[in-house]
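Written below as structure tokens is the structure these notes are about.
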Amino acid sequence: MGMSGTPTTRCGHCGAELALPADPSALATVCGYCQQSTQLPLELVRFRQQQAQALRQHQAQEQAQAFEHKARKVAGGVWLFLWIGIPLVVLGSVGFILWRTLGNIPSLPSHPPQQDPAEPAERAKAPPDPKLGERVAPAVAALAQKGCKDVVRAPEIVRGRVETVATMHDGGNCLHVVAAGAAGVRVSANVVPPTSKATRGDQTGDALDLEHCPREDGPHKVELSAADGADFAFALVDCPPARERYRDDPAKNGLGLVQARMRELAAGGCGRVLLPPKTAFGEGGLTATLAPGPQCLVILAASGLPANTLTVELKTPFGDRVPAPAVATEVRLVFCPKDAGPHPITIKPATSDYYAMASMECPRAVAEKLR
């Protein structure tokens, strides 16, 4: 706590005190001294969100009390009209009839009653239905059963539209946006990364469950809206990405296949291992220092999921691209170097799921048979 009474924390890069962002849902803040972003402790984020939710509930209660007070005033006016206004209306009507009869005055054209322009505004001031929160509770519970234990923003009820920001990291956990409106009300959501294309979703069943797995670092804007400005409930849940289901499954992450191919190469006469079999996700690779000679390079990569095809790229020390094998779920690239120096190797998967890769040296005579 600083001298001004504003909650602070320490910068993870320079140790300076950080003022907390105004948005209680923010997961990180930027240091005013070194301009580096520091992730806020999850406990602190949850505490601030609870405080903000308590404030919103207090404001909703005040609105409800004001609405009730105004309703009592309107009711009092109605009773006053019944006691005083009705007799006056009766007397005025009798006088008007006598006036028309005696004076032969033509009747005036009638006009339909006009709606009070203040009526929609009065409806807008009505507090939201607290039972809307029950619409998203089953979806949040279902995510918890799948291993999503961290609720970034607890279920809350809003009107019309809401925006918030979540700081996310490339390859990190995914964000689930859960939302639901009253019966017949459709809710839409967008998660907008700093530069790439947004993830969009619409409520089609009991509740909207939009998953966004980040492909870049930085603040991701979360937008939700309900048709016709209606009330709806929403929550934000932090979930491990779907690829984590296969992290330790060699049949789905490709590790079993790569290990089997490495054993085949070793049995066929290949020797030094440059890269032992390993799993990865996202773009990866290595740099192999090679030289012309009797040894050639063999690169292996494999994925256990049909959609996760792999692209392997190899360049010479001069930046020339070596002809690559076709894109597939199992890839083998054989290369006999003509130049000495570092040869960068890049592997690009089609999805964010795990894949496996490995590399070893083989005698030229063996390598030629592998092409």
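What follows is calculated from the coordinates using simple rules that are stated; it is not laboratory data. Bear in mind that the values here come from a model prediction, so they are computed numbers and not experimental data. No Cβ is skipped: glycine too gets one built from the backbone with ideal geometry, and neighbour counts run over all protein chains shown.
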Report, by chain and number, residues whose modeled amide H sits under 5 Å from the one on Ala28, excluding near sequence neighbours (fewer than 5 apart, same chain).
Leu40, Thr167
Rounded Å value of the spacing that divides the Cα centres of segment 188-261 and segment 270-292
31
Radius 11 Å from Cβ of Thr195, net charge of other residues (Lys, Arg +1; Asp, Glu -1):
0
Over 24 Å (Cα to Cα) - which of Lys252/Lys348; Lys252/Lys315; Lys338/Lys369; Lys149/Lys221; Lys221/Lys252 fall in this group
Lys252/Lys315; Lys221/Lys252
Provide the net charge surrounding Gln50, with neighbours chosen by a C-beta distance below 13 Å and charges set as Lys +1, Arg +1, Asp -1, Glu -1.
+2
Show me, for segment 362-371, the HN-Hα J-couplings you get by feeding each phi into the Karplus relation (A = 6.51, B = -1.76, C = 1.60, θ = phi - 60°), rounded to Hz, glycine and proline as x.
10, x, 4, 4, 6, 5, 4, 6, 8, 5
Please list 135-148, 241-254 highest first by mean number of surrounding beta-carbon atoms within 10 Å per residue.
241-254, 135-148
When only DSSP loop residues count, what GluC sites (Glu not before Pro) in segment 267-371 have their Cβ near at most 13 other Cβ atoms within 10 Å?
Glu283
Relative contact order (%) - criterion: Cα under 8 Å, at least six apart; region: segment 177-238:
47
Within the under-13-Å Cβ sphere about Ala324, not counting Ala324, Lys/Arg +1 and Asp/Glu -1 give a net charge of +3
Counting only C-alpha contacts under 8 Å and six or more residues apart, can you give the relative contact order of segment 129-240 as a whole percent?
44
Highest first, please rank the peptides 261-270, 347-356 by the mean number of other Cβ atoms sitting within 10 Å of their residues.
347-356, 261-270
